[in-house]
Structure formats: structure tokens, C-alpha cells
Amino acid sequence: MIILSTWEGAYRVVHWRPYVFPAPSHVLDATLSMLNVRTAFGDPVTSHWPRVVGGDPQGPTAGPWYHSQLVEAVLTSSVRLLAGFGVSILLGVTLGLAMWRWEELDRFLGPLFLGMQTLPSVCWVPLAVLTFGINERGILFVLVMGSFFAIAIALRDGLRTIPPLYQRAGLMMGARGWKLYRYVLLPASLPAMTTSLRQGFSFAWRSLMGGELILFVERHGLGALLETGRTSSDVAQVVAVMILMVLVGMAADRWGFAKLQQRVQARFGLAAR
Amino acid sequence: MEQLVRLPQQSPQRIGARDAAVVEFPTPAQGQVQPPRGQGRGRLEMVGIDKNFSADGKVPAVRGIDLACEPGEFVVVVGPSGCGKSTLLNIAAGMIKPDAGTVRLDGHRVKGPGPDRAMVFQEHGLFPWLSASQNIAFGLKMAGVPRREREDRVDNALQMVHLTHSADKLVHELSGGMRQRVAIARALVMDPSVLLMDEPFAALDAQTRTLLHAQLQELWIQTHKTILFVTHSVGEAVRLADKIVILHSHPGRIRRTVDVALPHPRNFDSPDITELVRLVRKEIEDEVNRVNAEMAAEAAEDRWKPSPAGGVGDHSVDVGGGI
């Protein structure tokens with residue numbers, strides 16, 4: 001709050017140029033305008049503040065808030081995330097399990113995956129364009145490639161921490177074959193699984209934003225909105241979208257994956273509380 | 001020791017017990033019935049067991065182990081760390097394959113781990129994602145026991161280890177002693193032929209351990225299970241065992257078998273127990289010193305020497321006779 005008011009205050013007093021870097025009030029205006037609400041918090045305080053004086057020919061078409069750019073972008077990105085992350089989980093979990101189960105496979109794929117993990121996800125964009133073209137599949141490709149290595153590696157590492165004693169105890173009690181996997185190893189792997197999913201999600205979200213930023217397809221996600229802001233030299237919109245990306249990512253992590261992880265850890269007695 | 005009473009012919013079926021002075025306690029042992037032994041199921045036989053840690057046979061873990069547990073017998077294998085006693089137990093459980101020799105349970109050859117040889121581990125090995133009662137029910141579930149019967153048997157098992165009030169607790173909510181009691185209940189509920197225990201009380205504090213010794217004796221008298229118990233503690237061995245098997249290291253071999261002809265349940269504070277502990281401890285010390293001296297001599301001579309053969313074998317001495 002203090003930082004925000006100092007920042008805003010500096011603008012009001014020194015008159016920085018808002019097209020180089022926006023004040024919080026400009027960012028607020030930009031966010032609301034993407035929601036089809038016209039405000040002018042960033043204008044000098046006059047009698048009609050913060051209402052807009054006169055028409056804004058550059059602004060988005062008016063309509064109800066639920067048909068606004070922003071809502072559509074968030075929805076589009078969410079749908080892509082769900083689909084892509086789903087594929088990513090499937091691939092990552094399968095390969096992570098396989099690498100844990102067969103050491104030869106791990107020796108072959110392990111270093112490769114670790115290397116791939118260090119590759120920034122936007123580096124998959126050119127390949128996606130050439131292979132799939134500039135379309136939804138291209139974006140999903142970037143998302144999956146950017147996240148599933150991380151899931152596989154994290155899961156494999158987590159599975160390796162399962163005490164071998166559980167396996168022996170299971171065998172002793174007659175859990176053989178698939179029963180050993182279903183009733184002993186699968187539940188024992190839950191902490192590793194949730195950790196890998198949480199990590200995988202942050203990778204997936206970052207990759208998706210990167211992919212959307214570059215691959216401009218018909219439906220605009222949050223990344224595309226960021227790019228729109230750049231092409232129209234709207235710094236306030238750029239900053240507004242960046243803040244939104246952080247918020248969406250944080251919300252999904254805090255109320256989704258962190259919750260899940262906490263519940264599993266509490267069950268296993270791993271949590272500090 | 002004015003309380004010593006000579007009771008000949010009390011347990012003539014046991015080796016070395018014929019001429020032994022058998023110690024009887026004034027309280028509370030009198031009137032207690034010893035569980036019947038030598039009948040029913042639960043005869044565990046290990047014949048000629050060899051196991052090496054390295055594939056070329058240069059690092060032997062155990063050598064030429066012959067060990068038989070009669071049905072209902074409480075056998076304790078005692079020895080210093082690294083003598084291969086846990087290896088031996090894991091071979092009996094079927095978790096480790098021996099390089100030579102066979103393990104038979106009631107005449108059937110043991111091929112792998114299974115619920116007929118239930119095991120209690122030192123680190124309990126309970127599943128943290130299940131409650132105490134779910135942990136106990138696990139083996140029955142795997143065996144396909146119907147839910148109704150499963151619940152009854154789990155309730156029984158919980159009662160046996162006095163944990164009915166903690167049935168729904170998660171593993172991390174239980175104390176160390178309670179965890180081991182759940183582990184014992186989890187093993188017993190499957191009605192195994194043999195109960196294998198791998199230093200189950202080693203990680204507990206002394207008071208809890210004593211409490212669990214008493215409870216284990218009580219359980220054993222109730223259930224008449226064959227128990228093969230491994231420990232490094234001579235005190236524990238003397239408190240619990242019908243038969244103490246002393247294992248020596250480099251490689252693990254059975255050097256002595258000691259019958260403990262004290263009736264159950266035992267008074268752990270009795271001077272007879274203390275005396276027996278002293279004697280068994282001396283046995284082990286003498287052996288360790290002898291092996292050390294031999295190894296030193298070998299090193300001094302700096303040439304290969306066959307391993308000591310004199311006096312080696314399955315000698316049975318009744319140390320109780322010396323009291």
C-alpha cells in the first residue's frame with residue numbers, strides 16, 4: 001500500500017511521462033477498460049474525476065463486462081491450460097513412473113529430460129510453428145513441452161524417496177503384482193505426486209503465456225492481450241495484464257495445488273503443523 | 001539364591017534341560033500354564049543357509065545356518081551388529097533369497113514373502129496414509145476377507161494390543177510404542193504360522209520396551225504362535241526366549257543354543273534373569289575375544305589359515321544349569 005501510494009504520489013508531483021511507465025491509477029484504468037468499464041483515475045483530479053470526458057475512439061467496443069476482452073482472455077487461457085496441463089500430466093506421470101520403474105530407461109531419458117527442463121519454453125515456439133502452424137495445437141505443444149519434463153523429473157525423484165520398507169511390508173501382507181502398485185506404491189507416491197503437479201503447473205502457466213504471446217491465433221488469451229498492449233503502445237495495459245498473469249498463477253497455486261499438497265502432507269504427518 | 005527349586009523332568013523334550021536346575025518364581029508365575037509346544041502348525045526349519053553379500057562369495061553374511069523353531073516356540077537370535085541376524089530373518093521371511101540351503105514352513109518350501117510369515121520391522125513400516133485400524137485391516141483386505149469379518153478381526157486385534165481407543169488415529173499421531181503395537185496387531189491379525197520380529201523394540205525407550213516385553217509375552221501365551229525374534233540385546237533375549245540362538249560374525253554362524261528353562265510370564269527383575277544375562281553375555285564376549293585373537297594371529301602370521309574348526313557346531317548348552 002505504501003509503495004503504491006508513493007508511486008502514485010510521485011506521478012502527481014513530478015509528472016513522469018505515463019507512456020513510459022504507468023502509475024497505478026493508469027493500470028487500474030487499463031484493467032477496467034478491458035472489462036468494458038470506462039474510467040479515468042489516471043487523469044488530473046478535477047470536478048468530474050474519475051469519469052471519462054469525451055469519447056475514446058481507441059477503446060474496446062462497449063458491452064457487458066462478461067463479454068469483455070479480459071474475461072474472454074482469462075477463459076481462453078484457462079481452457080487451454082486445462083487441456084494442455086491434462087496432456088502434460090498424463091505424459092509426465094507415465095514417463096516419471098516408467099523412469100522410476102526401469103533404470104535403463106532412466107539412464108537414457110533422465111539426462112535428456114533434465115536438459116530439456118533447462119530449455120526456456122518459448123524456445124519451443126519456432127518448432128511449434130513449423131510443425132503445427134500458428135494455431136491452437138501449436139500453443140498446446142509449447143505448453144506440454146514446457147511442463148511435462150518437469151513433472152516427470154519431479155515425480156521420479158519423489159518416488160525414489162518412498163521407503164523400500166513400505167514395499168516389503170506390502171509384500172509381507174500379500175500385496176503382489178498390481179495390488180502392490182494400487183494399494184502400496186500409488187498411495188505412497190501421493191506426496192511426490194502433488195509436489196510434481198504443483199511444480200508442473202507453474203511451468204505450464206509460464207509456457208502457456210509465452211506461447212500465447214507469440215502465437216497469435218483467433219482467440220486471444222492473456223498472453224495475446226499482453227502483445228496487443230505492446231502493439232498499441234499501451235504501457236498501462238501491458239502492466240495490467242502482467243499483474244493479472246501473476247494473480248491467476250498465484251490463485252491457482254494457493255487455492256489449488258498448495259491446498260492439495262497441504263492436505264496430503266497433513267495426512268502423512270509431513271507438515272510442520 | 002535360596003529360592004531355587006529343582007524341578008526335574010519339567011520339560012524333557014528340550015535339549016539340555018534334563019539335568020538342568022529349572023528356576024521357578026514364587027510370584028506370580030506359580031499356577032501359570034506354559035503354552036503347549038511341539039504341536040500344531042508353525043514349524044519353521046532353516047537348513048544349510050548360506051548367503052553372501054557379494055556375488056563372488058568373498059563377503060559372506062551367514063554360513064551354514066541350521067535352525068529349527070518348533071510350533072509355539074519363542075526363539076530369539078542374539079548377536080552383535082553385523083552378524084547377519086537380520087539377513088537370517090529376511091531369508092526366513094522370503095525377502096532375501098539364500099545362496100544355498102532351504103527354508104521350510106510346516107514342510108512347504110518358502111519361495112517368497114507372504115502373510116503366513118508375518119513380520120514386525122524395527123522401523124514399524126506402517127502405511128502413513130492409513131489409520132491404525134486400516135493398517136491392521138490391510139493384510140485381510142489383500143487376502144479378500146469380506147468386510148464384516150475383517151472388521152471383527154481388526155477389532156479383536158486392536159483389543160489384544162490394547163489400542164481400541166486409537167483405532168482411527170493416523171500413524172503420525174501414535175507414539176513409538178503404539179506404532180509397534182499396531183505393527184504387531186497388523187501381523188497377528190492375518191493369523192500367520194510364524195511371527196518374525198526384527199529388533200522391533202530397539203528404537204523405543206527403556207520403559208516402553210519393558211512394557212512391550214510384558215505385552216508380547218502375554219500375546220504369545222494367548223496365541224501360541226511360533227516367534228522368531230532377532231535382537232542385539234541379551235537382556236531382551238533372556239526375558240522373552242524359550243531358546244536363545246547366539247550368532248557370531250565374520251561370517252554369521254550359530255555357535256551356541258541356549259535353552260531358557262524359566263516359566264512364562266517372567267518376572268523381569270528376578271535375579272535368575274540377571275544371572276542368565278550375565279552368563280550369555282560372557283559367552284558372547286569369550287567368543288568375540290577368541291575370534292579377535294584368531295584374526296590377530298592370522299594377521300601376524302600373514303598367511304591364509306583355515307577358519308577355526310575345533311568346538312564349532314550346534315552345541316547346546318543349558319546355561320540355566322549353571323545357576
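The values are calculated or read from the model by the stated rules, or taken from the named source; none is laboratory data. Nothing here was measured: the structure is a model prediction, and the numbers come from that model. When we count neighbours, we look across all protein chains shown, and the Cβ atoms used for this are built from the backbone with ideal geometry, even at glycine. These accessible areas exclude ligands, DNA and RNA; they are computed on the full protein's heavy atoms, side chains included. Shrake-Rupley method; radii C 1.70, N 1.55, O 1.52, S 1.80 Å.
Results, tabulated for the structure shown:
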| quantity | calculated |
| --- | --- |
| Tally of residues being without any contact (Cβ under 8 Å) to a residue 12 or more places away in the chain and crowded, with 18+ Cβ neighbours inside 10 Å across the range B:257-274 | 0 |
| Top-ranked residue in the range B:90-136 [being more than 10 Å from every other protein chain (Cβ to nearest Cβ) and in contact (Cβ under 8 Å) with a residue 60 or more places away in the chain; ranked as most open to solvent (accessible area, probe 1.4 Å)] | B:104 |
| Residues (open to solvent by 10 Å² or more (accessible area, probe 1.4 Å) and out of contact with any His (no Cβ under 9 Å at 6 or more places or on another chain)) located in the range B:238-247 | B:243 |
| Of residues in the range A:151-168 being within 13 Å of chain B (Cβ to nearest Cβ) and in a helix (DSSP H, G or I), the one surrounded by the most Cβ atoms within 10 Å (Cβ to Cβ) | A:166 |
| Residue pairs meeting the criteria (Cβ under 8 Å; at least 6 apart or on separate chains; first hydroxyl-bearing (Ser, Thr, Tyr), in the range B:211-223; second crowded, with 17+ Cβ neighbours inside 10 Å and not in a helix (DSSP H, G or I)) | none |
| Failed criterion for residue A:212 (all others in (1) open to solvent by 20 Å² or more (accessible area, probe 1.4 Å); (2) closer than 28 Å to residue A:38 by Cβ hold) | (1) |
| Single match in A:187, A:191 (criterion: part of a helix (DSSP H, G or I), open to solvent by less than 30 Å² (accessible area, probe 1.4 Å), touching a residue at least 12 places away in the same chain (Cβ under 8 Å) and of a type outside the set (Val, Ile, Thr)) | A:191 |
| Test set (1) among the small types (Gly, Ala, Ser); (2) within 20 Å of the chain's Cα centre (by Cα); (3) under 30 Å from residue B:136 (Cα atoms) - residue A:204 fails condition number | (3) |
| Boolean, residue A:147 is within 12 Å of chain B (Cβ to nearest Cβ), in contact (Cβ under 8 Å) with a residue 12 or more places away in the chain and open to solvent by less than 20 Å² (accessible area, probe 1.4 Å) | no |
| Verdict on residue A:90 being open to solvent by 60 Å² or more (accessible area, probe 1.4 Å) and modelled with pLDDT of 75 or more | yes |
| Any helices (runs of 4 or more DSSP H) falling wholly within the range A:197-273 and containing at least 2 residues that are modelled with pLDDT of 85 or more and within 14 Å of chain B (Cβ to nearest Cβ) | A:258-268 |
| Set A:152, A:73: member being more than 30 Å from residue A:241 (Cα to Cα) and touching a Gly at 6+ places or on another chain (Cβ under 9 Å) | A:152 |
| Residue ID - nearest to residue B:110 (Cα to Cα), chosen from residues in the range A:169-184 that are of a type outside the set (A, V, I, L, M, F, W, C) and surrounded by fewer than 20 Cβ atoms within 10 Å (Cβ to Cβ) | A:176 |
| Positions within the range B:140-160 being at negative phi, assigned to a loop (DSSP other than H, G, I, E, B) and surrounded by fewer than 18 Cβ atoms within 10 Å (Cβ to Cβ), in sequence order | B:143, B:146 |
| Residues that are part of a helix (DSSP H, G or I), free of Cβ contacts under 8 Å to residues at least 12 places away in the same chain and not charged (D, E, K, R), drawn from the range A:95-126 | A:98, A:105, A:108, A:111, A:112, A:115, A:118, A:123, A:126 |
| Subset of the range B:167-176 that is surrounded by fewer than 19 Cβ atoms within 10 Å (Cβ to Cβ) and assigned to a helix (DSSP H, G or I) - its residue that is nearest to the other protein chains (Cβ to nearest Cβ) | B:172 |
| Residues located in the range B:55-94, provided they are touching a Pro at 6+ places or on another chain (Cβ under 6 Å) and closer than 12 Å to residue B:196 by Cα | B:91, B:93, B:94 |
| One residue from A:249, A:229 being small (Gly, Ala, Ser), open to solvent by less than 30 Å² (accessible area, probe 1.4 Å) and closer than 21 Å to residue A:22 by Cα | A:229 |
